[in-house]
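What follows is a set of notes on a single structure, which appears directly below.
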Amino acid sequence: MYSQGLIGADGKTDEDEAFLAAFQERIDAEQKIEPNDPMPEGYRKTLIRQISQHAHSEIIGMQPEGNWITRAPSLRRKAALLAKIQDEGGHGLYLYSAAETLGVSREEMTEQLLSGAAKYSSIFNYPALTWADIGAIGWLVDGAAIMNQIALCRCSYGPYARAMIRICKEESFHQRQGYEILITLCNGSDEQKEMAQDALNRFWWPSLMMFGPSEGESVHSQQSMLWKIKRFSNDDLRDKFINATVPQAEFLGLKVPDPELKWDEKKQGYDHGDIDWDEFWRVVKGDGPCNRERMRTRRKVEREGAWVREAALAYAEKRAAREAAARVAAE
Ligand code: BYC
């Protein structure tokens, strides 16, 4: 990507420096970067890492909810849950397509997921034990996802930003369906309300962890913010999420499981207790409650779906050959 010129102490040539400065100017002027535009290798790699991990999260994220399709309490709930999970599969596909515009293939990304080289969101390594967990996933997990993703609609890379606009619209339907499940449970019997409280107790802290490590530990944030891939720090988005979500918990009559949570009048936001970062890193590194099960299921699905991919490819090749022959015959 860089051209040759005088090499400085940092290993970059004058022309490299000029290229990086011109690229940064485009970013600062809020111009969208498109697939065929020249871009620094680090920018391309950061996007491939983030977009592919985002896609993997959507695909793995179908599993905890998928386990509840056959146990949804009514036909209406089942139809809404099915539609939500199907949307998540769709989000994974838009995101894989956005990453492919950066020169990585779908097969490579899948391989990275299956080998454990690529991450997916920590949250999906927690089990969905009760029906209230399906409500909590919609309310908290999709709520956290929206808070993070609204900012990504303004990402400097065009295909990612555009994919996020549609994804965010669908995520807000998901968040509503989750919250509505919890409204129903919280207005139901004592046992149902207890079930909702238990789901909040188990999903609150893992949802806060979704935003990623705090300032000093977030290795990519500074550069990603300079390149306007990320618009806010992990901590800022986490705070915004807490401020938006605590009143929603109060409306449900549920208690957020953080004894240190308190409103700070001066900053017009909540202070919260410490996040258990040891737990976060344990889960990210593969030792959460469901990591092994999630990967086992994903590998099985990949194996069992191989014949479908082969058949689709064979059909596409045959059709392309037939169309090419018809074009030749018509000439
Ligand atoms: N889980 O330097 P940092 C959904 C990793 S799906 C696992 O701050 P960055 C939904 C991070 O990757 C929601 N790993 O990184 C689907 C990095 O490791 P690598 C998914 C995490 O990228 C179904 C290291 O920690 N959303 O909505 O600047 C049902 C250092 O972190 C996590 C997205 O993916 C984590 N929570 O910031 C319902 C949004 N956090 O890569 C809902 C797009 C951090 O160097 N992604 N790590 O090996 C992002 O916005 C950013 O990638 C993050 C992290 C904020 C997540």
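The values are calculated or read from the model by the stated rules, or taken from the named source; none is laboratory data. Because the structure is a prediction, the values reported are computed rather than measured. Cβ atoms come from the backbone with ideal geometry, glycine included; neighbour counts cover every protein chain shown. Accessible surface areas use protein heavy atoms only, side chains included; no ligands, DNA or RNA. Shrake-Rupley method; radii C 1.70, N 1.55, O 1.52, S 1.80 Å.
Taking the range 110-144 as the range and being near the ligand (Cβ under 9 Å from one of its atoms), free of Cβ contacts under 8 Å to residues at least 60 places away in the same chain and either within 15 Å of Ile59 (Cβ to Cβ) or of a type in the set (Lys, Arg) (or both) as the test, no residue passes. A single member of Ala330, Ala312, Ala316, Ala244 is surrounded by fewer than 17 Cβ atoms within 10 Å (Cβ to Cβ), within 29 Å of Gln63 (Cα to Cα), of a type in the set (A, V, I, L, M) and without any contact (Cβ under 8 Å) to a residue 60 or more places away in the chain, and it is Ala312.
Applying the set (1) open to solvent by less than 20 Å² (accessible area, probe 1.4 Å); (2) of a type outside the set (Phe, Trp, Tyr); (3) at pLDDT below 95 to Asn67 leaves exactly one unmet item: (1). Residues in the range 159-187 that are of a type in the set (Asp, Glu) and more than 13 Å from the ligand (Cβ to nearest atom): Glu180 only. Screening Trp281 with (1) touching a residue at least 12 places away in the same chain (Cβ under 8 Å); (2) closer than 27 Å to Ile242 by Cβ; (3) not in a loop (DSSP other than H, G, I, E, B) gives one miss only, at (1). Within this structure, Gly61 passes the test of being within 21 Å of Leu182 (Cβ to Cβ) and near the ligand (Cβ under 8 Å from one of its atoms).
Taken over the range 148-158, the residue count meeting the criterion of being near the ligand (Cβ under 10 Å from one of its atoms) and either open to solvent by 10 Å² or more (accessible area, probe 1.4 Å) or part of a helix (DSSP H, G or I) (or both) is 4. Please specify each residue of the range 279-296 satisfying the condition of being under 17 Å from Ser207 (Cβ atoms) and acidic (Asp, Glu). Glu279 - this is the single residue of the range 279-296 that is under 17 Å from Ser207 (Cβ atoms) and acidic (Asp, Glu).
Quick test for you: out of Ala83, Ala98, pick the one residue that is open to solvent by 10 Å² or more (accessible area, probe 1.4 Å) and within 16 Å of the ligand (Cβ to nearest atom). Outline the logic, then answer.
On the way: Ala98 fails: open to solvent by 10 Å² or more (accessible area, probe 1.4 Å).
Unique residue meeting the criteria: Ala83.
Right, Lys300: open to solvent by 90 Å² or more (accessible area, probe 1.4 Å) and closer than 23 Å to Pro64 by Cβ or not? Give the steps one after another, and end with the answer.
Details: open to solvent by 90 Å² or more (accessible area, probe 1.4 Å): yes; closer than 23 Å to Pro64 by Cβ: yes.
Yes: the conditions hold for Lys300.
Residues in the range 188-207 that are within 15 Å of the ligand (Cβ to nearest atom) and either under 14 Å from Gly138 (Cα atoms) or β-branched (Val, Ile, Thr) (or both): Ala199, Phe203, Trp204, Pro206, Ser207. Candidates are the residues of the range 213-241 that are free of Cβ contacts under 8 Å to residues at least 60 places away in the same chain and among the hydroxyl-bearing types (Ser, Thr, Tyr); the one that is nearest to the ligand (Cβ to nearest atom) is Ser218. When Gly116 is tested against (1) modelled with pLDDT under 95; (2) closer than 24 Å to Ala244 by Cβ; (3) surrounded by fewer than 18 Cβ atoms within 10 Å (Cβ to Cβ), just one condition goes unmet, and that condition is (2). Here's a check for you: in the range 247-257, which residue that is open to solvent by less than 50 Å² (accessible area, probe 1.4 Å) and either of a type in the set (Val, Ile, Thr) or within 25 Å of the chain's Cα centre (by Cα) (or both) is farthest from Ile146 (Cα to Cα)? Of everything passing the filter in the range 247-257, Pro257 is farthest from Ile146 (Cα to Cα).
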